[in-house]
Amino acid sequence: MVAKIIDGKAISEKMRAGLAKEVSNLVRHMPKPGLAVIVVGDDPASHVYVRSKAKQTIEVGMESFEYQLPASASEHQLLDLVATLNNDERVDGILVQLPLPHHINAEKVLRAIAPAKDVDGFHPLNVGLVATGSGGMVPCTPLGSMILIKSVRDNIAGLNAVIVGRSNIVGKPMAQLLLQESCTVTIAHSRTADLPAVVGAADILVAAVGRPEMVRGTWVKPGSVVIDVGINRVAAPDGKSKLVGDVAFGECLDRAAAITPVPGGVGPMTISCLLQNTLRAATARRA
Ligand code: GUN
């Protein structure tokens, strides 16, 4: 079997084209939806990501507000900015780029974002609403991963889903979404005993551990769907660097039924889902 390669880039582009159409209809009777992004410090990866967000926000016809604070900014300063944006009528979505410098309590900052503007879905109210299946803002990477799974499998009820990684950003919310689809869900992590055997039972595998090519092809169940959330920069043989996922992609091609590449899989979906959440926040808040 040769795995189908799930083209996240193409699916995310199609999503943004649909969003652009919706935004153009919406702005006939209300102001442009607005997304505010705050980045603190000078982590190069965060800046690349934030620039890409701003560009795509504008491309779908929304307003982009960018705030760059120095690494020395205080928690108080950041909380003040969040409070200002909570009360800014032009702003429908607020995203505070993670990681934050160590002297800032990230949890406190995420709790300060108005839940209705929490387009990352990280506020405890949204976490609770998603966990109870009562709506709420769904975190972008799990949402994008679910769209990719659905692009190759209509009905996933009853399938074994294994998530490797238990982060609040990906692993835990991904488990909630898969449970809502009636999968039998396992969350594996660094302390899991016999990880290859756990992974081997997965009809749907979501790898989100941040360890380059940790999941080997021989672990993967034949015929499974493999979603690789990892984005790891590693040294390439030519002396340069390259991006690889958490899954040894090449080894899975003759085992999995479908697999996401890195780059070009889950990554591009995250921003499209962020824009979708922003549009949703705008329509809900201004209805
Ligand atoms: N850093 C890495 N991924 C994310 C994300 O999805 N949201 C935020 N706010 N920061 C991130």
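Some values worked out for this structure:
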| quantity | calculated |
| --- | --- |
| Angle in degrees between helix 44-59 and the longest Cα principal axis of the chain, rounded to the nearest 10 | 70 |
| Orphan Cys of the chain, criterion: no other Cys C-beta under 4.7 Å | C183, C252 |
| Normalised alpha carbon radius of gyration of the chain [divisor 2.2 N^0.38 Å] | 1.01 |
| Segment E107-H189, length gained on full extension (0.36 nm per residue, minus Cα span) | 27.3 nm |
| Relative contact order for the chain, counting Cα pairs under 8 Å that sit 6 or more residues apart, in percent | 22 |
| C-alpha long axis of helix 8-26 to longest principal axis of the chain, angle in ° | 30 |
| Alpha carbon centroid spacing (whole Å) that separates segment 31-71 from segment 117-190 | 25 |
| Pairs of Lys in segment 1-154 closer than 15 Å at Cα, counting only those 8 or more apart or on different chains | 5 |
| Dipole moment magnitude, nearest 20 debye, the chain about Cα centre, only Lys, Arg, Asp, Glu C-beta charged | 380 |
| Segment 193-287: trypsin sites (Lys or Arg not before Pro) in DSSP loop, at most 11 other beta carbons within 10 Å | K240 |
| Net lengthening on full extension, R233/A17 (0.36 nm per residue, minus Cα-Cα) | 74.8 nm |
| Reduced Cα scattering model of segment 221-287, Debye log10 I(q)/I(0), q = 0.11, 0.22 Å⁻¹ | -0.41, -0.91 |
| Shape call, segment 1-120: gyration tensor on alpha carbons, a/c limit 1.5 | oblate |
| Helix-derived mean residue ellipticity, 222 nm - over the chain, DSSP H n ≥ 4, -39500 (n - 2.57), to 500 | -12500 deg cm²/dmol |
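Readers should treat all values here as calculations from the given coordinates under stated rules, not as data from a laboratory. Keep in mind that this is a model prediction, so the values were computed, not measured. Reconstructed Cβ throughout: ideal geometry from the backbone, glycine too, with neighbour counts over all protein chains shown.
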